[in-house]
Amino acid sequence: MSASVNAHDAARDWTFLSNHAHVLLALATDPDPLLREIADRVGITERAVQNILADLEEEGLVKRERVGRRNHYLLDLDQPLRHPLEAHRSVRQLVEFASAARRRAR
């Protein structure tokens with residue numbers, strides 16, 4: 001799958017990871033994006049990104065810092081994944097897995 005996904009393709013195809021995971025992985029690769037950049041990359045609306053970021057912040061997975069007029073996002077990678085089937089794994093392990101897979105695909 002390419003780094004940028006158009007909304008039509010995203011709606012037509014299903015993926016193993018949720019949009020929450022996709023937003024988190026996008027932040028792991030670029031902690032200073034615009035909402036529009038995340039939305040384009042994940043294939044969802046900016047409003048959906050805002051809602052997902054609010055969820056991730058509420059859960060303590062993401063902390064937002066203002067840097068001038070932009071946001072910088074800090075991730076708490078040591079939190080466990082939320083679903084009981086994956087709770088024995090951390091967010092860090094998901095990010096590392098996705099990063100390694102991305103490097104192999106190049």
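For region 51-80, a residue qualifies if it is out of contact with any Ser or Thr (no Cβ under 7 Å at 6 or more places or on another chain) and farther than 21 Å from residue 35 by Cα, but none of them does. The residues in region 78-100 that are more than 13 Å from residue 21 (Cβ to Cβ) and aliphatic (A, V, I, L, M) can be counted, and the count is 3.
Please tell me if residue 47 is charged (D, E, K, R), at pLDDT 95 or above and surrounded by fewer than 16 Cβ atoms within 10 Å (Cβ to Cβ).
Values: charged (D, E, K, R): yes; at pLDDT 95 or above: yes; surrounded by fewer than 16 Cβ atoms within 10 Å (Cβ to Cβ): yes.
Considered against the rule, which asks whether it is charged (D, E, K, R), at pLDDT 95 or above and surrounded by fewer than 16 Cβ atoms within 10 Å (Cβ to Cβ), residue 47 comes out as yes.
Looking at region 14-35, which of its residues are of a type in the set (Phe, Trp, Tyr) and either under 8 Å from the mean Cα position of the chain (by Cα) or more than 13 Å from residue 94 (Cα to Cα) (or both)?
Residues of region 14-35 that are of a type in the set (Phe, Trp, Tyr), as a first pass: 14, 16.
Listed by number, the list holds a single entry, 14.
Within region 81-106, the residues that satisfy the criterion of being over 15 Å from the mean Cα position of the chain (by Cα) and of a type outside the set (Lys, Arg) are 83, 84, 85, 86, 87, 88, 100, 101, 105.
Taking region 11-80 and the helices (runs of 4 or more DSSP H) fully enclosed by it, no element has 2 or more residues that are more than 21 Å from residue 99 (Cα to Cα), in contact (Cβ under 8 Å) with a residue 12 or more places away in the chain and among the small types (Gly, Ala, Ser).
Just to check your reading of the model, which residue among 83, 88 is farther than 19 Å from residue 105 by Cβ and modelled with pLDDT under 95?
Working: 88 fails: modelled with pLDDT under 95.
Result: 83 is the single residue among 83, 88 that is farther than 19 Å from residue 105 by Cβ and modelled with pLDDT under 95.
The values are calculated or read from the model by the stated rules, or taken from the named source; none is laboratory data. All of these numbers come straight from a predicted model, not from anything done at the bench. Every residue, glycine as well, gets a Cβ built from its backbone with ideal geometry; the counts of neighbours run over all protein chains shown.
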